[in-house]
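To start, the structure itself, in structure tokens.
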């Protein structure tokens with residue numbers, strides 16, 4: 001977790017490094033959307049948003065992850081996700097293929113309905129029982 005924090009801080013939050021941005025868009029699951037579930041006075045990150053959540057019923061819809069295209073702001077179901085790996089229709093299309101899609105890496109400042117999200121904290125000692133940190137709206 002600490003290494004991930006340093007990488008995101010130095011190459012994404014504090015300054016945009018094109019190599020890092022291109023890499024995470026092409027080779028990681030960072031651009032894929034995550035659902036939230038209500039918890040106490042906020043929300044917790046839950047599962048990846050899938051095509052099934054958007055009403056799709058085709059083969060693999062329950063495993064077809066979704067991202068947003070920065071050009072259109074619309075949800076995209078790219079080829080080469082987990083659904084391709086484990087569905088007959090996706091046979092042989094296992095590598096992520098974004099085509100002309102430029103994935104959004106953050107929704108910060110892009111949406112009016114922002115909510116507070118609670119994230120686990122790992123910097124608290126075991127005797128203190130861990131904790132959470134709230135990000136987003138206060």
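Report the gain in length on full extension from residue 12 to residue 115: 0.36 nm times residue separation, minus Cα-Cα distance, nm rounded to one decimal.
Numbers: separation 103, 0.36 × 103 = 37.08 nm, distance 2.18 nm.
Full extension of this stretch gives 34.9 nm more.
For region 72-105, the residues whose amide N sits under 15 Å from a probe point set 7 Å from the Cα of residue 47 along the beta carbon direction are 82-83. Straightening the chain between residue 102 and residue 40 buys 18.8 nm, computed as 0.36 nm per residue apart minus the Cα-Cα spacing. Find the Cα radius of gyration of the chain, compare it with 2.2 N^0.38 Å by division, and give the number to two decimals. So the chain has a normalised radius of gyration of 1.18.
Considering only beta bridges that DSSP places wholly inside region 31-135, some 95 percent are antiparallel.
For the chain, modelled as a GNM whose springs connect Cα atoms under 10 angstrom apart, the maximal fluctuation among 29, 69, 14 occurs at 14.
Classification of region 10-90 by its C-alpha gyration tensor yields an oblate form. The axis ratio a/c (a ≥ b ≥ c) is 1.5 or more, and b/c is at least a/b.
To the nearest ten degrees, helix 18-27 and the longest principal axis of the Cα atoms of the chain are 60 degrees apart.
Only the coordinates and a few stated rules stand behind these numbers; no lab work does. This structure is a prediction, so every number in the text was calculated from the model and none was measured. With ideal geometry, Cβ positions are generated from the backbone for all residues, glycine too; neighbour counts draw on all protein chains shown.
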